[in-house]
Amino acid sequence: MLSEEQIKMIVSANESLRVQLADANAMLTARQEEIDLLNTELAESTALRSKLDGQLAQIESIETRLDEKQQAAKGAEEREFELHQELTGMALLNKQYNELLQDYAYLQSQYKDILAQLTALQHDHLQLEKTAGGIGELQSRLQNSLLERDVLKERITMLESQRFIKDI
């Protein structure tokens with residue numbers, strides 16, 4: 001039979017392990033919340049990148065149309081009546097072109113911001129992977145501690161049974 005002091009030590013060790021388990025569970029929950037937040041940010045970043053790609057395709061399409069209009073303006077030099085109409089069209093196109101250049105600059109700025117966010121997300125992801133590795137190690141250590149506790153319990157039981165046999 002265990003002495004009162006041994007029982008107190010076992011109870012104390014058990015409480016300590018419970019506290020460690022609670023801490024590990026709390027840390028695991030916090031890390032899972034961080035993972036969920038990063039996944040949300042990654043989804044938003046992916047959506048922004050998709051939107052940017054669509055806008056870049058539109059810009060390319062508009063630039064293609066602009067090139068076609070400029071070639072049409074060169075061919076219209078032979079026709080004086082049409083030249084006036086084409087020049088008016090060109091003025092509008094130049095205005096659109098300037099607006100597109102401004103839009104393009106704005107989109108480039110957004111693209112750089114998104115790339116910076118993506119880089120930050122990738123950095124956060126690496127940090128999260130490191131943290132997940134640490135959590136895995138803590139879980140492994142906790143599992144080993146639990147196994148050691150079970151072995152010690154078995155040894156205590158065996159020693160108690162041997163002491164009981166000796167007493168008889």
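Listed here are the residues, each with its yes/no results for (1) touching a residue at least 60 places away in the same chain (Cβ under 8 Å); (2) hydrophobic (A, V, I, L, M, F, W, C); (3) not in a helix (DSSP H, G or I).
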residue	(1), (2), (3)
Glu41	yes, no, no
Leu56	no, yes, no
Ala72	no, yes, no
Gly89	no, no, no
Leu92	no, yes, no
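Is there any pair linking a residue in the range 2-29 that is farther than 20 Å from Leu147 by Cα to one that is part of a helix (DSSP H, G or I) and among the aliphatic types (A, V, I, L, M), with Cβ under 8 Å and at least six apart or on different chains, and which?
Pairs that qualify, where the first residue is farther than 20 Å from Leu147 by Cα and the partner is part of a helix (DSSP H, G or I) and among the aliphatic types (A, V, I, L, M), are Leu2/Ile10; Leu2/Ile156; Met27/Ile135; Met27/Leu138; Leu28/Ile135.
Out of all the residues in the range 28-37, is one or more over 30 Å from Leu138 (Cα atoms), loosely packed, with under 12 Cβ neighbours inside 10 Å and not basic (Lys, Arg)? Step through it out loud before you land on a result.
Of the residues in the range 28-37, the ones over 30 Å from Leu138 (Cα atoms) are none.
Within the range 28-37, none of the residues are over 30 Å from Leu138 (Cα atoms), loosely packed, with under 12 Cβ neighbours inside 10 Å and not basic (Lys, Arg).
Determine, yes or no, whether Met1 is under 30 Å from Gly134 (Cα atoms) and exposed (fewer than 15 other Cβ atoms within 10 Å of the Cβ).
Working: under 30 Å from Gly134 (Cα atoms): no; exposed (fewer than 15 other Cβ atoms within 10 Å of the Cβ): yes.
No; evaluated as a whole, the condition is false for this residue.
Across the range 60-69, what is the total count of residues that are at pLDDT below 90, surrounded by 13 or more Cβ atoms within 10 Å (Cβ to Cβ), under 16 Å from Leu101 (Cα atoms) and not hydrophobic (A, V, I, L, M, F, W, C)?
Residues that pass the stated criteria total 0.
What are the residues in the range 129-168 that are touching a residue at least 60 places away in the same chain (Cβ under 8 Å) and of a type in the set (Ser, Thr, Tyr), if any?
Hits for the range 129-168 are Thr131, Ser145.
Just one of the numbered conditions (1) assigned to a helix (DSSP H, G or I); (2) over 29 Å from Gln122 (Cβ atoms); (3) hydrophobic (A, V, I, L, M, F, W, C) is not true of Leu2; which one?
Answer for Leu2: the failing condition is (1).
Please indicate, with yes or no, whether at least one residue in the range 96-110 is in contact (Cβ under 8 Å) with a residue 24 or more places away in the chain, assigned to a helix (DSSP H, G or I), charged (D, E, K, R) and surrounded by 11 or more Cβ atoms within 10 Å (Cβ to Cβ). Don't jump to the end; show me each part of the working.
Narrowing the range 96-110 to residues in contact (Cβ under 8 Å) with a residue 24 or more places away in the chain: 96-97, 100, 103-104, 107, 110.
Checking which are assigned to a helix (DSSP H, G or I) leaves us with 96-97, 100, 103-104, 107, 110.
Cutting the leftovers down to charged (D, E, K, R) gives us 103.
From the residues that got through so far, the ones that are surrounded by 11 or more Cβ atoms within 10 Å (Cβ to Cβ) too are 103.
Looking through the range 96-110, at least one residue is in contact (Cβ under 8 Å) with a residue 24 or more places away in the chain, assigned to a helix (DSSP H, G or I), charged (D, E, K, R) and surrounded by 11 or more Cβ atoms within 10 Å (Cβ to Cβ).
The values are calculated or read from the model by the stated rules, or taken from the named source; none is laboratory data. None of these values were measured; they are calculated from a predicted model. All Cβ positions, even for glycine, are placed from backbone atoms using ideal geometry, and neighbour counts span all protein chains on display.
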